[in-house]
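Just below is one structure, and these are the notes that go with it.
The values are calculated or read from the model by the stated rules, or taken from the named source; none is laboratory data. All of these numbers come straight from a predicted model, not from anything done at the bench. Please note: Cβ atoms are built from the backbone with ideal geometry, for glycine as well, and neighbour counts cover all protein chains shown. Note: areas computed on protein heavy atoms with side chains; ligands, DNA, RNA excluded. Shrake-Rupley method; radii C 1.70, N 1.55, O 1.52, S 1.80 Å.
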Amino acid sequence: MWEYTDKVMDHFLNPRNVGVIEDADGKGDVGSLACGDALTLTFKLDENGRIADAKFKTFGCASAVASSSVLTEIIKGLTLEEAANVTNKDIAEKLGGLPDQKMHCSVMGQEALEAAIQNYYDKTKTTAPEKEGKVVCTCFGITDTEIRKVVEDNKLNSVEQVTNYCKAGGGCGRCKGDIEKILSEVRGDWIDRAKKKEQPPKRKKLTNIQKIRLVQETISDQIRPALRADGGDIDLIDVEGNKVIVAFRGMCAKCKMADLTMRDVVQAKLREFVSEDLVVEEEKDGEN
Ligand code: FES
């Protein structure tokens, strides 16, 4: 039993826009009854060139019905150019997701839409606005821009997945090498973006006044409470450029580990919160 979302079940049990528009402006047929899945999508445009009505007829499973039903809702009100950008991912997302094994139903919806739009251009002897990018898969007329988008949007990792999602590579197979190259380029981009994300944001250069204020705040909020917990304390004596002069008080002043505390606690916190260039020195002659 497949795990279906409530939206899939709703569109399956109460499909919207079932039927065929007789005087349709565009009609797309995909699949075949012999193979088990078939879908016919028809649409009618209004005087502004927007899809005023869309209907579907399908022979298929719950996902096929739900995908087709939600597709008719998505495209109503769109221009043909906008509708041409609707992807199977849009269909699946609108349904709250589909099981992986059923993603092909959303692809069938996208194919029927493409076929119906093409049917409109064929009937009106017009041509679709030129596609962005260079055609990579000549069997299906799919460009590098479209492949890159489907890979990015669906986080695809293999040529087979690309074929499942947008058909590229599913014919003669000659374009598979180019698809592989696009996959590596996109993966490279992902890695670069991930690396950039890992880098800590650069700190703004501080003025002297800002630096002294930040040193004071770091001492009172981050350093002093820890030292006081062990009976010690610390005072800020001066800040000269990147040199911060402090004096230990109480237990800290007598502690044999004072040098370590100075480096691993005081200097480390000041470098973390103020500036990596700071060097902390102890005023040895200060009052204890
Ligand atoms: S060119 Fe892509 S499958 Fe033939």
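May I ask you to give the percent of accessible area on the range 208-282 that is carbon plus sulfur, with a probe radius of 1.4 Å? That fraction is 47 percent. Seen from every direction in turn and averaged, the convex hull around the alpha carbons of the chain projects onto 25.3 nm². Once the chain from LYS155 to ASP29 is taken as fully extended at 0.36 nm per residue, the excess over their C-alpha distance is 42.5 nm.
For a paramagnetic label modelled on ASP264 (point 7 Å from Cα along Cα→Cβ), amide N atoms under 19 Å away belong, within the range 222-248, to 222-234, 248. A convex hull fitted to the Cα coordinates of the range 93-248 yields 247 cubic angstrom per residue.
Across LYS269, LYS89, LYS176, mean-square fluctuation computed from a Gaussian network of the chain (C-alpha pairs under 10 Å connected) peaks at LYS269. Using the Stokes-Einstein relation with a Kirkwood hydrodynamic radius computed over Cα pairs, the translational diffusion coefficient of the range 230-288 at 20 °C and a viscosity of 1.002 mPa s comes to 186 µm²/s.
Note: the range 157-286, Cα convex hull, 166 Å³ per residue. For the range 218-226, 3J(HN,Hα) computed residue by residue from phi via the Karplus equation (6.51, -1.76, 1.60; θ = phi - 60°) reads 5, 5, 6, 8, 9, 9, 4, x, 5 Hz, glycine and proline entered as x. For the chain, the solvent-accessible area works out to 59 Å² per residue, with a probe of 1.4 Å and every protein chain left in place. Between VAL266, VAL136, VAL107, the residue with the greatest mean-square fluctuation in the GNM of the chain (Cα pairs under 10 Å linked by springs) is VAL266.
Return the tail of the calculated pair distribution for the range 48-127, meaning the percent of Cα-Cα pairs more than 14 Å apart. Roughly 59 percent, once rounded to a whole number. Note on the range 131-199: Kirkwood radius taken over Cα pairs, Stokes-Einstein applied at 10 °C and 1.306 mPa s, translational D equal to 130 µm² s⁻¹. Among residues other than GLU82 with Cβ under 12 Å from its Cβ, the summed charge is 0 (Lys and Arg +1, Asp and Glu -1). Per residue, the average separation of C-alpha pairs within less than 8 Å and at least 6 apart gives the range 1-128 a relative contact order of 30 percent.
With the Cα gyration tensor of the range 1-156 in hand, convert its eigenvalues to equivalent ellipsoid semi-axes via √(5λ) and list them largest first in whole Å. Equivalent-ellipsoid dimensions as semi-axes: 23, 20, 14 Å.
Computed with a 1.4 Å probe on the full set of protein chains, the accessible area for LEU278 sits at about 0 Å². Remark on ARG50: its backbone amide H falls under 5 Å from none of the residues 5 or more positions apart or on other chains, H modelled at 1.01 Å from N. Using a probe radius of 1.4 angstrom, the carbon and sulfur fraction of the accessible surface of the range 131-199 is 51%.
The portion of the accessible surface of the range 1-128 made up by carbon and sulfur, rounded to a whole percent, is 50 (1.4 Å probe; DNA, RNA and ligands excluded).
Calculated mean residue ellipticity, 222 nm, the chain: -13000 deg cm²/dmol, from DSSP H runs (n ≥ 4) at -39500 (n - 2.57) each, averaged per residue and rounded to 500. Sum up the charges of everything whose Cβ sits under 14 Å from the Cβ of THR218, counting Lys and Arg as +1 and Asp and Glu as -1, but leave THR218 out. The answer is +1. If I build a Gaussian network model for the chain, linking alpha-carbon pairs within less than 10 angstrom, which residue out of ALA253, ALA116, ALA38 has the largest mean-square fluctuation? Of the options given, ALA253 has the highest mean-square fluctuation. Using θ = phi - 60° in the Karplus curve 6.51 cos²θ - 1.76 cosθ + 1.60, the 3J(HN,Hα) couplings for the range 170-184 round to x, x, 5, x, 4, 8, 4, x, 5, 5, 4, 5, 4, 4, 5 Hz; x is entered for Gly and Pro.
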